[in-house]
Amino acid sequence: MRTGTIAFLLGILLTHQFPELPPVWLQCVLLPVLILCLVCTHKGLRIAGFILLGCFWAMFRAGIILSDELNVDLEGKTLIAEGRVVSLPEYRDRGARFEFQIGQLLSTNGQSHAGPGKVRLSWYGAPENLMPGQIWRLTVRLKRPYGFSNPGGFDYEGWLFQHRIRATGYVPDKGENHYTGFSKGQYVNRLRYFLRAGISTHSHDPAFAGLIIALGLGDRSLIQSHARDTLIRTGTNHLLAISGLHIGLVAGLLYLLARRLWSVGGILPLYIPAPRIAMVAAIMGATGYAVLAGLSIPTQRALIMVTVIMLGLFSHRRYPISQIFCAALVLVLIIDPFATLDVGFWLSFSAIAIIAYGMSCRVDTNNLWWRWGRTQYLIAIGLLPLLVLLFGQYSVAGFLANLIAIPWVSFIVIPLVLSGTVLINLSEPVGRFCLQLAESALGLLWPFLEWLAGMDYAVWQHASVSVWVLAAAIIGIMILLQPAGLPARWIGLVWLLPLIFPLKQNPAENELWFTLLDVGQGLSAVVQTRKHTLVYDTGARFSEDFNAGSAVVVPYLRQAHIRHIDRLIISHGDNDHIGGSKDVLAAFPQTPVLTSVPDKISHHSLRECRAGQSWQWDGVDFRILHPSESDRFTGNNRSCVLKVSTGNQAILLSGDIEKQVENRLVNNYGDELSAQILVAPHHGSKSSSTIGFINTVEPEIVLFPVGYRNRFKFPNQDIIERYENRGVSMYDTARHGAVKIKINQSGVSIMSHRHSARRFWHTVDKLGSSK
C-alpha cells in the first residue's frame with residue numbers, strides 16, 4: 001500500500017511539471033496501458049501503473065478545470081454576470097473581494113456567452129451585507145487568470161487554478177448591480193458569515209478579533225499585517241490555520257466528554273457501550289469543526305485519520321500509522337489531485353510523517369513532558385528543509401515559541417474560542433464572556449511572541465533550494481532522527497551542510513547579470529556584478545497589505561542568495577517606481593539610496609542622483625546621465641537615467657523620461673548613449689522613444705516593463721512599430737515575465753522566466769499568445 005501510494009503521488013507531481021497537457025487522444029491511449037500495468041503481477045510494472053494512474057487522474061481533472069475558460073475576446077469588456085456569492089467576502093480598502101459562481105454571462109446587448117464558472121471579484125463600495133448564497137446581477141469586467149512571473153515569487157495563477165477560479169475581475173463604479181435573492185446551498189458559508197459577524201461585534205480588540213476568527217472559523221482574512229508578521233517570525237502561524245492539531249484536539253475532548261457523560265447515563269451503557277458513543281461523538285465533532293473551518297487540506301487529512309482511527313476502534317482493529325497515513329493521503333489526492341499546490345498539504349502530511357518516524361523504535365514511556373518535548377524537537381528539526389524550500393526562511397525562535405504557544409493555544413484558547421463561537425448566537429452573554437476570556441488568554445501570550453519576533457536572529461533567511469540539496473537534507477534529517485543508540489548519527493550533519501552553507505553562483509569579473517522583474521505596471525530591475533548588487537526602482541504599492549517590494553523584489557533577492565544591496569536607485573517619485581521601497585529597505589536596512597526625490601524617502605543613507613556620478617564594481621562601469629544639478633524638471637522627466645557598461649556592451653535604464661529629456665540626452669551625450677539593451681522609456685509610452693533617441697542609442701534589445709492588460713495600453717502600438725522597423729528584439733514583462741540577461745565575454749544571453757517556468761495552468765505562453 002505504501003509503495004502504491006507514493007507512486008500515485010509521484011504520478012500527480014510529474015503531471016504538475018508539464019508545460020502543456022497532452023492531447024486527449026494520448027490520454028485515451030494511456031488508460032489501457034495503466035490498467036494492464038495495474039493487473040500485472042510484476043512489482044515494477046505495478047509501480048509504473050500507479051504512477052500512470054496518478055498522471056491520468058491529474059490530467060483528467062485538469063482538463064475539466066481548464067474547460068471553464070473565459071473567451072479572450074471578452075477580456076476587459078463590460079459584461080453582465082448573473083450568479084451567486086460562494087465565499088466569505090474579504091473587506092479591504094473600503095471594498096470587498098469575494099468568489100462568485102457565474103450562472104449566466106451576457107454582453108451589454110444581451111448576447112449570451114459561455115461563462116468561466118467561478119471568478120474572483122473586487123467590488124469597491126460593496127454593500128456591507130454582502131454574504132454567501134446571495135444572488136446578484138452584476139456589471140463586471142473580467143480577465144483570464146494572471147499573476148506575476150518571477151524567480152522566487154508566488155505562483156498566483158497556480159493558486160487560482162487549485163481553487164478552481166477561472167477568471168478575475170472587478171465591479172465598475174458606474175455599473176448597475178441588483179440583488180435578486182438567495183440561492184439554495186451555501187448554508188455552511190452563510191453560518192460562518194453570521195458567526196464571523198458575531199465575533200467581530202463582541203470583540204474588544206480588532207487585532208485579536210482576526211486571530212479568534214481564524215481559530216474558530218479558519219478565516220484568516222482579518223488577521224492584521226503586523227500580527228501576521230509576528231506569527232511568521234516565531235514559526236507559530238500554523239496555529240492560526242485550523243489543522244490536524246485542532247481537529248485532533250476537538251475529537252479527543254469530545255471523545256472523553258461523551259464517554260464520561262454516557263457512562264453515568266443509567267441503563268444506557270448496557271445497550272450501547274460508552275466507547276462506541278464516544279467514537280461517534282468524536283467523528284461528528286471533528287467533521288463539524290472541519291466543515292466549519294472550510295475543509296482546508298490539513299483539516300481533510302486530520303478528519304480522515306480521526307475517522308479511520310475511530311472506525312478501527314469501533315471494529316476492534318488497530319491499524320498501523322502507515323496505513324492510516326496512506327489512506328488519508330490517497331483520499332485527499334482523489335478528492336483534489338492539485339492539493340499538492342497548497343503548502344498546507346506538504347506541511348500537514350510531512351509533520352505527521354516526521355512524528356511517526358521519529359517516535360518509532362523508541363522505548364515506550366508514559367512521561368507526557370518527554371513526549372511533548374520530543375514531538376517539538378522532531379517538528380523543529382524535521383521540517384527544516386521543507387520550510388526553507390517553501391518559504392525561503394526558517395524561524396530559529398520557533399522551537400521555543402511553539403513549546404509554549406501550542407499547549408497554551410490548544411488547551412486554553414481554542415476551547416474558549418469554540419465555546420464562544422457556538423454560544424454567541426445561543427446565549428449572547430455566555431458566548432461574549434468566553435470570547436473575552438479567549439482575548440485575554442491571547443493577550444497574555446502575545447507579548448512573549450512579540451519579544452521573540454523582535455530578536456535580530458529570530459529568522460534565518462535562506463535562498464532557493466535545488467532538488468539535490470533538498471534530497472541530501474532529507475537524508476541527513478532521517479539519520480539525525482534515528483534512535484540515540486545507533487552509532488554515527490553525526491553523519492546526518494554532513495548531509496545537511498549543502499543546505500546550511502549553500503553555494504552561490506556569482507557573475508565573473510567584468511561580467512554583468514541584469515534582471516528586469518515582473519512587477520506589473522511598474523518598474524524594478526536588479527543589476528549584479530561579481531561582489532555587488534544594485535536595485536533600480538521597486539515597483540508599485542497596490543494596497544496597504546500588498547506591494548511589489550515585499551511580493552517580488554525581496555523574494556527574488558533572497559532566492560538569488562543576495563544578503564545585502566550595495567545601492568538602491570529610486571528613479572523618481574511615481575508610485576509604480578517608488579511604491580515598494582519601504583519594504584525593500586525594511587528587509588535590507590543598511591542599503592545606501594540614490595534618488596531624484598530625496599524628500600519622498602526617509603532613510604539614514606540618502607543621496608540625490610546627479611549627472612556625472614559614476615563608480616566601478618568588479619570591472620563594470622556605472623554612470624548617472626540625468627538629471628543635472630541645474631535641471632528644473634519634475635515628475636517623469638526628473639528620472640535618474642543610469643548606464644551600465646562592461647566591455648563593449650551596455651544597458652541603459654531611462655526611468656520615465658519623455659521627449660524633452662530624450663532630446664537633451666541626445667544633444668549632451670551623442671554616441672555615448674549607445675547601448676545594446678534599452679529599458680524602454682516610460683514603459684513604451686507614446687510620449688517617449690522618439691526616433692532621434694532610438695537612432696542614437698541603437699539598441700539591439702528593448703525591454704518593456706508593463707502590466708498585463710494595463711489601462712494605459714503600454715507599450716503603444718506606434719512605439720512597437722518604431723522599434724520593429726529597426727529590427728530591435730522586444731520583450732515585455734506582461735508576456736515574458738522576469739527577463740534575465742547575462743553579459744560576458746562570450747556575448748549576451750537572455751531568458752524569459754514565464755517560458756522557463758511554464759506550467760499548463762499558466763494563461764500566457766512564452767510568446768504572449770493565448771492558449
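Placing unit charges on the Cβ atoms of the charged side chains and taking the dipole of the stretch 134-264 about its Cα centre, the candidate lying farthest along the positive direction among Gly216, Leu191, Tyr156 is Leu191.
What fraction of the DSSP beta bridges in the stretch 517-585 is antiparallel, stated in percent and rounded to the nearest 5?
On the way: 6 of 9 bridges.
Antiparallel: roughly 65 percent of the beta bridges in the stretch 517-585.
Would you please classify the overall shape of the stretch 512-756 from the alpha carbon gyration tensor, given that a ≥ b ≥ c denote the square roots of the eigenvalues, rounded means a/c under 1.5, and beyond that prolate means a/b larger than b/c while oblate covers the rest? It comes out rounded by the Cα gyration axes.
Would you mind calculating the gained length between Leu36 and Ala114 on full extension (0.36 nm times residue separation, minus the Cα-Cα distance), in nm to one decimal? It would help to have the intermediate numbers written out before the result.
Details: separation 78, 0.36 × 78 = 28.08 nm, distance 3.86 nm.
Full extension from Leu36 to Ala114 adds 24.2 nm.
Each peptide in 451-464, 649-662, 117-130 gets a packing score, the mean of other Cβ atoms within 10 Å over its residues, and the list from highest to lowest is 649-662, 117-130, 451-464.
For the chain, relative contact order (Cα pairs under 8 Å, six or more residues apart, normalised by length) works out to 10 percent. Hey, how many Å between the Cα centroid of the stretch 79-113 and the Cα centroid of the stretch 18-46? Between the Cα centres of the stretch 79-113 and the stretch 18-46 lies a distance of 40 Å. Quick one: which residues, 5 or more positions from Ala650 or on another chain, have an amide H under 5 Å from its amide H? H modelled 1.01 Å from N in the peptide plane, none for Pro or chain starts. Here Gln676, Ile677 satisfy the definition. Stretching Phe194 away from Arg317 to a fully extended chain increases their span by 40.2 nm, per 0.36 nm per residue minus the current alpha-carbon distance. Distance between the modelled labels on His178 and Asp671, one decimal in nanometres: 7.1 nm (7 Å Cα→Cβ projection). A straight line joining the Cα centroids of the stretch 480-530 and the stretch 592-625 runs 29 Å.
Counting Lys and Arg as +1 and Asp and Glu as -1 over every other residue whose Cβ lies under 15 Å from the Cβ of Phe325, the net charge comes to +3. Calculated [222 nm] ellipticity per residue, helices only, for the chain: -13500 deg cm²/dmol; basis is -39500 (n - 2.57) per DSSP H run with n ≥ 4, divided by all residues, nearest 500.
For Val264 and Asn575, FRET efficiency with R0 = 60 Å and r from the beta-carbon atoms, rounded to 0.05?
Values: r = 67 Å, r/R0 = 1.11.
Between Asn575 and Val264 the formula returns 0.35.
Arranged from fewest to most other beta-carbon atoms within 10 Å of their beta carbon, Ser550, Ser581 become Ser550, Ser581. Once the Cβ-Cβ distance between Phe399 and Ile355 is put in as r, and R0 is 25 Å, what FRET efficiency do you end up with, to the nearest 0.05? Efficiency at R0 = 25 Å is approximately 0.95.
Between Thr533 and Asp566, Arg567, the built amide H atoms are under 5 Å apart, and every one of these is 5 or more places off in sequence or on another chain. Legend: ranking of residues Ser315, Ser221 from fewest to most surrounding C-beta atoms inside 10 Å; resulting order Ser315, Ser221. Which residues does the label zone of Glu509 cover in the stretch 610-640, counting backbone N under 12 Å from a point 7 Å along Cα→Cβ? Once the point is set 7 Å along Cα→Cβ of Glu509, 618-620 turn out to lie under 12 Å by backbone N, inside the stretch 610-640. Put in line by how crowded their Cβ is, counting other Cβ atoms within 10 Å and starting with the fewest, Phe345, Phe546 read Phe546, Phe345. Of the beta bridges DSSP finds with both residues in the stretch 512-756, what % are antiparallel, to the nearest 5? Rounded to the nearest five, the antiparallel share is 65 percent.
Every read-out reported here was derived from the displayed coordinates using simple, explicitly stated rules and does not represent laboratory data. Model, not experiment: these values are computed from the prediction. Reconstructed Cβ throughout: ideal geometry from the backbone, glycine too, with neighbour counts over all protein chains shown.
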